[in-house]
Amino acid sequence: MSNDKEKLSSGISGLDEILMGGFVPNRSYLLRGMPGTGKTALGMHFLSEGVKNNEKVLFINMGEPTDQIIDNAQKMGFNVDNIDFLDLSPDESFFSKMEAYDIFSPAEVERESTTSEIIEKIESLNPQRVFLDPITQFRYLSTDEFQFRKQALSFLRFLTDKGATVLFTSEFSAHDPDDDLQFMSDGIINLDFFSEGRSISVSKFRGSGFRFGTHSMRITPDGVKVYPRLRPMLKEKEFKHETISSGVPEMDELLHGGIERGTATIISGPSGVGKTTIGIQFMKEAAGRGERSVVYTFEESLESLINRCESINIPVKSMINTGMLEVVPVEPLRYSPEEFAQLVREEVDSNESKIVMIDSTSGYTLSLRGEDPVRHLHSLTKYMTRSGVTVILINEVENITGGLKVTEIGISYLADNIIFLRYFEMNAEMRKAIGVLKKRLSDFEKGLREITITKYGIRVGQPLKNIRGILNGSPERVNKEDSD
Amino acid sequence: MSLKPLILALNRNKRNLEILEKILGKEGYQVVGVLDPPELDSEIEKQEKIDMVLMDISGFDKSIWTSCERLRIKEIPFLILSPHHQRVVEEQGKIEGAHGVLVKPLVVKELLVLIKSLIDD
């Protein structure tokens, strides 16, 4: 990636990441999208970035008039002071002055003046960045397709020869395909708008690699944000493979020491059995070591979580105050999986959080927009574990007792460790059992233990011996003689 | 001193005349535009030498052919510009002595070649 420095930033960090650093200079790029997909906004980012680097930048507007563009750009917080505009949009005199003529086609009459205006501007300004919006306007100035293609190509070449990096937009429809433009550009960025949100993808990028696939995009009051799809391969941080304790000695015994750093653990169990509490228990212990943890809660509110934990002797409030814990409630349908991944990634990368808990996986799949959230959860989990983060996924199962099933959404393959909790009835009393189903990096206790949650914290008992049938919810005592 | 060849252009549309003047002017022709047949007739009387005439017939009635006849008698070459392909116009044009009937929109290069060949003759 030695040529990264030579690349031109697009002005949007997420897009730069997809383009592996930015645009290759002196090339021309096609920006495709239906009306309202954010083409012009993206172009403004591209030009503003140039202004930031003291480059000369030029906006050639062939559709919208300049003042309208400036107005829209300022509303999004762009500073347009140092952007040069070349306004080739039709003005009102087009109608009012009866400028209609029929002796020659517009292609013959206007082309010359348009071309000379552009050439004059380019030669006097010598811009490093040019944004042409939209190039398809040239089509009307060409007598036929062949002419258009020839002109567009020679025009783009003229700009790049002058040292400019060009971004041009196209308006296309089934009637008016823009395949010819796709062939002549050095790169293609596609913008789309679905009911689940906006997306951006690159389908061609000469002279550089790029990140495949559809990435999430959002147009905010501060401009365009791009959220690249997470690729766990990108990152493999060095970290110490050690076991972290839960702080409850009996639970550690069950787990043969605790859970390993950089692994994913599913805590599975029915409603109210104490899954979240066990997760937070690991965080309490981590806070004691001075490590930061984050909980993304999709169901519970911050207050209820705090109250619940405080009442069982987990000092969540002071953990939050000292920065050792962050509880992030996630609103339903607010994020796409890529945006959520970006959020988690920033947290993990910049705040060095060591334990991340997602509460719960079904909340995650329900709350995030878009298709196939489970696959995204997979890559997010992989991303975190490779950076040494311990991931806890809370999974609720519907059966209160019996019918052992680890997860409802088929995510058990994600987990390195599976801890499960179950209710069982004993002498007409509901009791809880904890057990380990799987542990990839170490052995574990095969027996179940009883677990109780008291105002002093989590209590885990000795292995439940001489009882069988706990997993189907109605256990019976086993006589010692029988079992022998 | 070199006299620029003079082209008389009849056209209802002012903008068409402006464009013609600009394009032909660049090629070294002097263009005089007129908006209707009476103006054309008076220009023919006034000018000493007219190298050729461009007659755009759009918007005029049959009386336009009288003007054409006058040009034929005076042996001034002329081209007829028509908004559509119409056999009647093409036939009548030839009968009245036009050197060609062109259908709009014209192609600049072709027009220039035609004008050049007519004037050089």
| Residue list for the stretch A:22-77, filter: touching a residue at least 24 places away in the same chain (Cβ under 8 Å) and among the β-branched types (Val, Ile, Thr) | A:Val24, A:Thr37, A:Thr40, A:Val51, A:Val57, A:Ile60, A:Ile69
| field | the stretch B:1-21, subset surrounded by fewer than 17 Cβ atoms within 10 Å (Cβ to Cβ) and more than 9 Å from chain A (Cβ to nearest Cβ), residue nearest to B:Lys116 (Cα to Cα) | value | B:Lys4
| Taking the condition assigned by TED's automatic domain parsing to the domain that holds A:Thr136, among the aromatic types (Phe, Trp, Tyr) and more than 19 Å from A:Val24 (Cβ to Cβ), does A:Phe168 pass? | no
| Matching helices (runs of 4 or more DSSP H) fully within the stretch A:36-144 where at least 2 residues are farther than 26 Å from A:Ile188 by Cβ and within 38 Å of the chain's Cα centre (by Cα) | A:66-75
| field | Residue among A:Arg139, A:Arg129 that is touching a Phe, Trp or Tyr at 6+ places or on another chain (Cβ under 7 Å) and either at pLDDT 90 or above or within 14 Å of chain B (Cβ to nearest Cβ) (or both) | value | A:Arg129
| note | Conditions (1) among the polar types (S, T, N, Q); (2) surrounded by fewer than 16 Cβ atoms within 10 Å (Cβ to Cβ); (3) under 21 Å from A:Ser412 (Cβ atoms) -> A:Thr322 fails only (3)
| query | A:Leu437: over 16 Å from A:Ile267 (Cα atoms) and either in the same structural domain as A:Arg477 (by TED's automatic domain parsing) or not in a strand (DSSP E or B) (or both), yes or no? | reply | no
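Tally up the residues in the stretch A:411-458 that are among the charged types (D, E, K, R) and either more than 21 Å from A:Gly473 (Cα to Cα) or surrounded by 17 or more Cβ atoms within 10 Å (Cβ to Cβ) (or both), please.
10
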| said: Tell me whether the stretch A:156-163 contains one or more residues that are in contact with a helix residue (DSSP H, G or I) (Cβ under 8 Å, 6 or more places away or on another chain), in the same structural domain as A:Arg32 (by TED's automatic domain parsing) and outside any helix (DSSP H, G or I). | reply: yes
| Qualifying position, being surrounded by fewer than 13 Cβ atoms within 10 Å (Cβ to Cβ), without any contact (Cβ under 8 Å) to a residue 24 or more places away in the chain and farther than 16 Å from B:Asn13 by Cα, among B:Lys74, B:Lys109 | B:Lys109
| note | Filtering the stretch B:9-51 down to residues that are touching a helix residue (DSSP H, G or I) at 6+ places or on another chain (Cβ under 6 Å) and of a type in the set (S, T, N, Q) yields B:Asn11
| request: Report, ordered by the first and then the second residue, all pairs with beta carbons closer than 6 Å, sequence separation of six or more or different chains, a first member in the stretch B:1-12 that is more than 16 Å from B:Asp41 (Cβ to Cβ), and a second member that is modelled with pLDDT of 95 or more. | output: none
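The values are calculated or read from the model by the stated rules, or taken from the named source; none is laboratory data. Being a predicted model, the structure only gives us computed values, none of them experimental. For neighbour counting, all protein chains shown are included, and Cβ atoms are generated from backbone atoms with ideal geometry for every residue, glycine included.
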